[in-house]
Each structure stands twice: as structure tokens, then as C-alpha cells.
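Notes for the one structure printed next.
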Amino acid sequence: MVGREKELKIRFMPGQCELVEEDVDIPNRRVLITGATGLLGRAVYKEFNENNWHAVGCGYSRARPKFERINLLNSVEVHDIIQDFQPHVIVHCAAERRPDVVESQADAVSQLNVTASGNLAKEAAGVGAFLIYISTDYVFDGTNPPYKESDAPNPLNLYGKTKLEGEKAVLENNEGAAVLRIPILYGEVENLEESAVTVMFDKVQFSNKSANMDHWQQRFPTNIKDVACVCRQLSEKRMLDPSIKGTFHWSGNEQMTKYEMACAIADAFNLPSSHLRPITDSPVVGALRPRNAQLDCSKLEMLGIGQRTSFRVGIRESLWPFLVDKRWRQTVFH
């Protein structure tokens, strides 16, 4: 996995083709990404891979053929891939991140979000790898934003609690690790349900019936490309400066409720929004959510780390393939 490797390629010639082996240069900076099949993991893998890193992604149910199939709950499998690959950096994206699912599967989620994270941190320390653990703004209760890294967490739901416990497990097992807290994500999705932002698109598009949209919780939608860039920049800084460790925050800087996001999506695609109905009451079903868990990102900004994509630009790029009215697409953009 290090140095130069052989790669099979097909060579075409007049009247024939043949399979040949060619030497391929492998970048000497190695990164392992968990959850590489997920929304954020795919973006992190792409970011490192396109910036002269040798990236290996791992997943579970959707892993092969592109990624390594690793069960993070199996300590032997985790140990073996880290010992074999000897990564300089591990970006731990794998987690159960749906608050309502967490409430109904508490034990299984704790195994993934907490126990597996602590074990991964221990294995990373064993080979001197810099571990970035992806956490959440939901570790805060949302009553006194914006939140600095030093502010006391107080999660309202089980998801926030498991991610906070995961933070502690990581830092207890690897004092050189980093925790990166981020908010609601969107970006290039395989299906609209992958993101709590993009899932609203069908309600926006189909304006023949009214749609209730939350206008209570204040969110800061963040593009996965930007988080991936932060992970790479943080890793490269760390390779030059061992003092880069501890807890960090990154977030988009546009404050929006889901209703405002939906209206912005409608505007980005020149669609009507009059059927969208703002609901200003606190939600009464599902896991509790913080009202406003805005993250203060000045710590990373002072290190010269960060990238932000405007919501209008990012959401148009993300949702373009899912636009139903193809005729409109052709006339407006071509």
C-alpha cells in the first residue's frame, strides 16, 4: 500500500486489446476514512484523494467494490487494517446520526458511536495516526449560542449524548486526537433522504399541496465539501505541528430554519414557495432538538483553516440531478 504499486490497465491497439501491468505512484501521505460510503465520508475520501493523499475508505453494508469492508464493531478487523495500512491520518465519519433512530436503538448506537470510536482511537494511537472524530452541534442544548469549544456541553437527546460520550472515549484513548463538531450537512447525495436538507426538495417541487416546514429551530446548513476541506487542512497542519489537537468547530455561517432553507431552495430553482407553511411552535414529536446550537468557528479560522460555500450555490449543485421538470432545466441553464 506504500510507494509504488502495480495496476492492471487495458491497452487498445488496432484490431486488438491487451491487459498490461503498469507502475503507479502511490502518494506517501496515507489517510483512512471510516464511513466512506456515507454522505460526509464520500466527500472526505474525494477531497484527500484529489489532493495527493493515498486514501483508503472503509464501509460496511455498501463498501465493495470501491471501499474496504470493515465492521467497526470487530476489533480484530479494525486492528488489522490499521496495522496493514499504517495511516498517518484517520477521519472517523462512521456513526448513526439520525436522532429519532438513536432513540429507538440505543444499545446498538452506543456500540457504534461510543465503543467503536474509543477502540479506533486506541488503535490510531498505536501507530501514531492523527484521528479526527466527527461530532455534532447537538452536544449543546441551544440556549446560549454561539458555542465555543470550551463551553460546557449539555445534550438534549440521546444522539447528542452518544456523540459526546464518543468524544470522551476518543480523547481518553488518544490524547493527540481531534474532535470536529459540525452541524446539519448537505451536499452531493445519492438519494434525497441522505440529508435533512435535501429531503425537503420534493415538498418544494410538488407545489400542488401545502407543506408544513419547521420555522422554530435555527440551523446552519453546511456543505460536505467544506467539512472535507477542513479535515484535509487540519490533517496537513497537524503533520507540520504536533500541537494541533483537541476540539474544533466548523459550520456554515448562514442561519436558517428549515422553512427558510426550503424557500431558498425554491428560489434557487425558480420554483414557487407559497405552498410552504412556516410552523413556529417547538416540535412535540421525536427526539428533542436544541433551539440554536450555533458553533463559534474562530479557533479554526485563526489557524487559517476553513472554506464556506454559499447555501444558494451549494444547494443548486446538490439538488440539480433531482429536479423533476427537465424542460425547465434545459431552458434555464442551457
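The values are calculated or read from the model by the stated rules, or taken from the named source; none is laboratory data. Values in this document were obtained by computation on a predicted structure and should not be read as measured data. Heads up, the Cβs are rebuilt from the backbone with ideal geometry, glycines too, and the neighbour counts pull from every protein chain shown. Surface accessibility is based on the protein's heavy atoms, side chains included, excluding ligands, DNA and RNA. Shrake-Rupley method; radii C 1.70, N 1.55, O 1.52, S 1.80 Å.
Numbers at a glance
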{"item": "Matching residues, region 233-254, being surrounded by fewer than 18 Cβ atoms within 10 Å (Cβ to Cβ), outside any loop (DSSP other than H, G, I, E, B), out of contact with any His (no Cβ under 8 Å at 6 or more places or on another chain) and touching a residue at least 24 places away in the same chain (Cβ under 8 Å)", "result": "237, 246"}
{"item": "Restricting region 46-75 to residues that are in contact (Cβ under 8 Å) with a residue 40 or more places away in the chain and assigned to a helix (DSSP H, G or I), the residue that is surrounded by the fewest Cβ atoms within 10 Å (Cβ to Cβ)", "result": "75"}
{"item": "Any hit, region 187-198, residues being assigned to a loop (DSSP other than H, G, I, E, B), open to solvent by 30 Å² or more (accessible area, probe 1.4 Å), of a type in the set (A, V, I, L, M, F, W, C) and more than 30 Å from residue 168 (Cα to Cα)", "result": "no"}
{"item": "Check on residue 151, assigned to a loop (DSSP other than H, G, I, E, B), free of Cβ contacts under 8 Å to residues at least 12 places away in the same chain and not hydrophobic (A, V, I, L, M, F, W, C)", "result": "yes"}
{"item": "Residue in region 173-181 that is at pLDDT below 95 and under 21 Å from residue 221 (Cα atoms) present", "result": "no"}
{"item": "Residue among 124, 177, 95 that alone is within 28 Å of residue 311 (Cα to Cα), small (Gly, Ala, Ser) and surrounded by 18 or more Cβ atoms within 10 Å (Cβ to Cβ)", "result": "95"}
{"item": "Residue under evaluation residue 37, criteria (1) open to solvent by 10 Å² or more (accessible area, probe 1.4 Å); (2) modelled with pLDDT under 95; (3) outside any loop (DSSP other than H, G, I, E, B); (4) of a type outside the set (D, E, K, R), criterion not met", "result": "(3)"}
{"item": "Hey, residue 78 free of Cβ contacts under 8 Å to residues at least 60 places away in the same chain, of a type in the set (A, V, I, L, M) and assigned to a helix (DSSP H, G or I) or not", "result": "yes"}
{"item": "Which listed residue, of 280, 257, is closer than 25 Å to residue 207 by Cα and open to solvent by 60 Å² or more (accessible area, probe 1.4 Å)", "result": "280"}
{"item": "Count of region 287-306 residues which are over 20 Å from residue 97 (Cβ atoms), touching a residue at least 60 places away in the same chain (Cβ under 8 Å) and open to solvent by 70 Å² or more (accessible area, probe 1.4 Å)", "result": "1"}
{"item": "Residue in region 142-167 that is surrounded by the fewest Cβ atoms within 10 Å (Cβ to Cβ), counting only those that are more than 16 Å from residue 289 (Cα to Cα) and charged (D, E, K, R)", "result": "148"}
{"item": "Restricting region 277-334 to residues that are under 16 Å from residue 215 (Cα atoms) and among the aliphatic types (A, V, I, L, M), the residue that is modelled with the lowest pLDDT", "result": "284"}
